[in-house]
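The values are calculated or read from the model by the stated rules, or taken from the named source; none is laboratory data. All figures in this text were calculated on a predicted structure; none of them were measured in a lab. Methodologically, a virtual Cβ is constructed for each residue, glycine included, from the backbone with ideal geometry; neighbour enumeration extends over all protein chains shown. The accessibility values were calculated without ligands, DNA or RNA, using every heavy atom of the protein model including side chains. Shrake-Rupley method; radii C 1.70, N 1.55, O 1.52, S 1.80 Å.
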Amino acid sequence: MEKLKDTLIVTATLGNRPSLDETVKSVESHGNGRVEHVIIAPKNAFESLSENYPNLNIIAEPDTCRGIYQALNHVFNLLGRDYKYLGFINDDDLWTENYPTLFDILDKNESIDVAYGRVCFVDENLKKIGEQTSFPFYKFFPDLLTRDIILFTQQATLMRSGLYFSEKGFDESFKLVADTKFWLSAIRNKAKLKATRKICAKYTIQKGQLSSNKELQGKEHQELLKMVPQRNRNRAGISVLLFRLFNIRIYLERFFINRSVYRA
């Protein structure tokens, strides 16, 4: 008997990256048979993607779509209420064999709204070049945000669909950090998160990524900081110290092995 698919995972893509093949394979391999993987892309890529991935639901972006978060909102609002869990992954990133740990966290405790793990950084040839720092104390998220430290990334994050709809989706006025704003708002609204220290996804670092637009990213980050209360700014120094101590192994590895990789 086929397993019930209770998880919706979305990939927004332009449809022209060869790495999408590996992304699709990783979701299929590590989704435990419970994932509906949907790809949303511009209309000019719909036909080719439908031919390449006949077993996936391919959705053409509406004409009004102007960015990744609009695309994600479109799919989640269209289909998300039929699923227990929601998540998204870029077309050049991968799940690892540890991703099912996130399912386990949510399955075992219905009071947890979000499960998140760690990622490792890989190059375009999928060669590992470093590890992401992590922190299980999610209530420090606003403090650390004031120092430009993000606790987790979407590749290794899974949420209950109810949280997405209670937060009314992603703020489409942000092109790069709408998901960060989403998590900040959710935590301020008393959402409960739980972390695993396992590496659940691989994050590809390559030239030309939208996230490499540092000027826009900095501007949007400053807009986010307006949401952070002053008390979080005042205690940020202590929070950063605790964060650094918790991740001392990773910092030492970067210093001695991967000096070219920087990540908070």
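Note down all Cβ pairs under 9 Å where the first residue falls in segment 80-100 and is closer than 10 Å to L158 by Cα and in contact (Cβ under 8 Å) with a residue 40 or more places away in the chain, the second is open to solvent by 10 Å² or more (accessible area, probe 1.4 Å) and charged (D, E, K, R), and they're at least six residues apart or on different chains.
Once the first residue is closer than 10 Å to L158 by Cα and in contact (Cβ under 8 Å) with a residue 40 or more places away in the chain and sits in segment 80-100, its partners that are open to solvent by 10 Å² or more (accessible area, probe 1.4 Å) and charged (D, E, K, R) give Y85/D6; Y85/R34; Y85/R160; L86/R160; F88/D179; Y99/K198.
What number of residues within segment 31-60 are surrounded by 19 or more Cβ atoms within 10 Å (Cβ to Cβ) and either under 22 Å from D171 (Cα atoms) or not aliphatic (A, V, I, L, M) (or both)?
Qualifying residue count for the region: 7.
What's the number of the only condition in (1) open to solvent by 20 Å² or more (accessible area, probe 1.4 Å); (2) over 19 Å from the mean Cα position of the chain (by Cα); (3) touching a residue at least 40 places away in the same chain (Cβ under 8 Å) that D143 fails to meet?
(1)
Could you tell me whether any residue of segment 97-110 is surrounded by 18 or more Cβ atoms within 10 Å (Cβ to Cβ) and part of a loop (DSSP other than H, G, I, E, B)?
yes
Residue check, F182 against (1) touching a helix residue (DSSP H, G or I) at 6+ places or on another chain (Cβ under 7 Å); (2) without any contact (Cβ under 8 Å) to a residue 60 or more places away in the chain; (3) of a type outside the set (S, T, N, Q); (4) surrounded by 20 or more Cβ atoms within 10 Å (Cβ to Cβ), all met but one. Which one?
(1) is the only condition that F182 fails.
Can you give me the number of residues within segment 149-168 that are open to solvent by 10 Å² or more (accessible area, probe 1.4 Å) and part of a loop (DSSP other than H, G, I, E, B)?
Count: 4.
Report whether or not S19 is among the small types (G, A, S), closer than 15 Å to Q155 by Cα and open to solvent by 20 Å² or more (accessible area, probe 1.4 Å). Write out each step before concluding.
Numbers: among the small types (G, A, S): yes; closer than 15 Å to Q155 by Cα: yes; open to solvent by 20 Å² or more (accessible area, probe 1.4 Å): yes.
Yes: the conditions hold for S19.
Checking the conditions here, which among S211, S173 is modelled with pLDDT under 85 and either under 17 Å from N90 (Cα atoms) or out of contact with any Asp or Glu (no Cβ under 6 Å at 6 or more places or on another chain) (or both)?
Answer to the check: S211.
Table: residues versus (1) assigned to a helix (DSSP H, G or I); (2) out of contact with any strand residue (DSSP E or B) (no Cβ under 8 Å at 6 or more places or on another chain).
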position	(1), (2)
V10	no, no
N16	no, yes
E28	yes, no
N44	yes, yes
L49	yes, no
I58	no, no
